[in-house]
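S.K.: Structure in structure tokens, see below.
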Amino acid sequence: METKLGDYPLPSRYSCEEPMAASGLKDIMEAPSPKNPLLPEMHSKARSIMGLGGWIACTLRADAFFAFTALATQLAKNFTLGVWRAVLQWAHYIVATKWVRMTYRTPPAGGQVINFADSSLINAPNGGSFGGHCSCFEGSGLIDWRCFVPRRLTDSSAGAELIISTAAVKNILGNRMFLRELGCSQGEPSALYLDAQAVLSGAEMERVSKEMRYQAARYAMLREARDVGAVDLLKIPTTGNLADLFTKPLVGEQFRRLRDCVMGVSQWTLTDLQATPVKN
């Protein structure tokens with residue numbers, strides 16, 4: 001990656017302390033204009049950088065995965081100066097932080113995989129919502145992570161969270177079957193941590209509101225997974241939800257805190273995540 005970036009330095013006023021600026025989504029979705037022209041001559045180079053960086057983010061660098069997903073939505077249809085600069089920031093971040101390596105630690109007694117899911121409402125192209133879920137052993141780096149942009153299926157925050165929660169449950173069920181085949185059965189229900197109280201409350205109810213009736217099947221899926229002992233739905237503060245890293249461009253202390261957890265740089269506990277961080 002460093003070789004690919006040899007002739008393309010980090011643009012001025014950009015930082016490689018995070019993979020994407022706080023305004024990154026707005027910047028890459030900005031329409032072409034005289035100040036933000038299309039750059040067809042740089043498109044092939046950007047695709048080459050994204051190809052290598054995408055492999056790195058998918059296999060090794062969960063902390064850079066959200067930015068990769070967001071950039072991929074714009075690469076083919078809206079490749080502007082803003083997108084090119086964001087690609088360079090993301091790639092330079094990967095190089096500048098190559099010391100951040102996925103670290104796995106010995107699982108605690110019982111070896112239970114824990115899971116997180118989150119979504120942000122309508123922050124993606126065409127009214128979509130970035131969402132993500134991830135899995136790990138407590139205190140260790142991620143063993144599985146996803147970030148995607150489902151089509152606009154809802155116009156509410158609760159609906160967006162519900163869509164991602166059911167996607168996470170499907171992934172959890174698949175992982176439980178895989179672990180069982182390996183002789184590592186998860187004896188206890190798999191914990192799924194959410195910061196969406198509306199989803200947690202909805203899963204406890206047999207009825208849904210008129211406005212949410214089209215999501216009734218998703219709530220039923222959550223209830224069934226819980227009732228058969230496969231999944232426990234649990235509350236966690238937004239600041240401690242590891243999946244928050246896959247829903248929006250985080251920066252500063254919150255980004256570094258979650259990055260160090262998902263990459264296993266710091267040996268964290270659920271108690272650490274559930275505590276409200278002290279602002280400097």
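The values are calculated or read from the model by the stated rules, or taken from the named source; none is laboratory data. Every value quoted in this text rests on a predicted model; they were computed, and no experiment measured them. Cβ: placed from backbone, ideal geometry, glycine included. Neighbour counts: every protein chain shown.
S.K.: Pick out the one residue from ASN78, ASN36 that is in contact with a strand residue (DSSP E or B) (Cβ under 6 Å, 6 or more places away or on another chain) and either of a type in the set (Lys, Arg) or not assigned by TED's automatic domain parsing to the domain that holds LEU233 (or both).
M.R.: Residue meeting the stated conditions: ASN36.
S.K.: Considering only residues that are over 23 Å from GLU253 (Cα atoms), aromatic (Phe, Trp, Tyr) and in a helix (DSSP H, G or I), which ones fall in segment 33-80?
M.R.: TRP55
S.K.: Still on this model: Which ones in segment 1-32 are of a type in the set (A, V, I, L, M, F, W, C) and in a loop (DSSP other than H, G, I, E, B)?
M.R.: Within segment 1-32, MET1, LEU5, LEU10, CYS16, MET20, ALA21, ALA22, ALA31 meet the criteria.
S.K.: Just to be sure, is GLN89 modelled with pLDDT of 80 or more and under 21 Å from ALA57 (Cα atoms)?
M.R.: yes
S.K.: A further question on this structure: Any idea how many residues of segment 18-67 are without any contact (Cβ under 8 Å) to a residue 60 or more places away in the chain and either of a type in the set (A, V, I, L, M, F, W, C) or in contact with a Pro (Cβ under 7 Å, 6 or more places away or on another chain) (or both)?
M.R.: Looking only at that region, the number is 15.
Table: residues versus (1) within 27 Å of HIS133 (Cα to Cα); (2) crowded, with 18+ Cβ neighbours inside 10 Å.
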{"position": "LEU10", "(1), (2)": "no, no"}
{"position": "ALA21", "(1), (2)": "yes, yes"}
{"position": "ILE28", "(1), (2)": "yes, yes"}
{"position": "ARG61", "(1), (2)": "yes, yes"}
{"position": "ALA64", "(1), (2)": "yes, yes"}
{"position": "THR80", "(1), (2)": "no, yes"}
{"position": "LYS98", "(1), (2)": "yes, no"}
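S.K.: Take the residues in segment 1-58 that are over 12 Å from GLN89 (Cα atoms) and of a type in the set (S, T, N, Q); name whichever of them is farthest from the chain's Cα centre (by Cα).
M.R.: Ranking the qualifying residues of segment 1-58, first place goes to SER33.
S.K.: Tell me which helices (runs of 4 or more DSSP H) are completely within segment 214-279 and hold 2 or more residues being at pLDDT below 90 and of a type in the set (Gly, Ala, Ser), or say none if there are none.
M.R.: In segment 214-279, 216-227 are the helices (runs of 4 or more DSSP H) which contain 2 or more residues that are at pLDDT below 90 and of a type in the set (Gly, Ala, Ser).
S.K.: Something else: Any idea which residue in segment 141-170 is modelled with the highest pLDDT, counting only those that are surrounded by fewer than 18 Cβ atoms within 10 Å (Cβ to Cβ) and of a type in the set (S, T, N, Q)?
M.R.: The qualifying residue modelled with the highest pLDDT is SER157.
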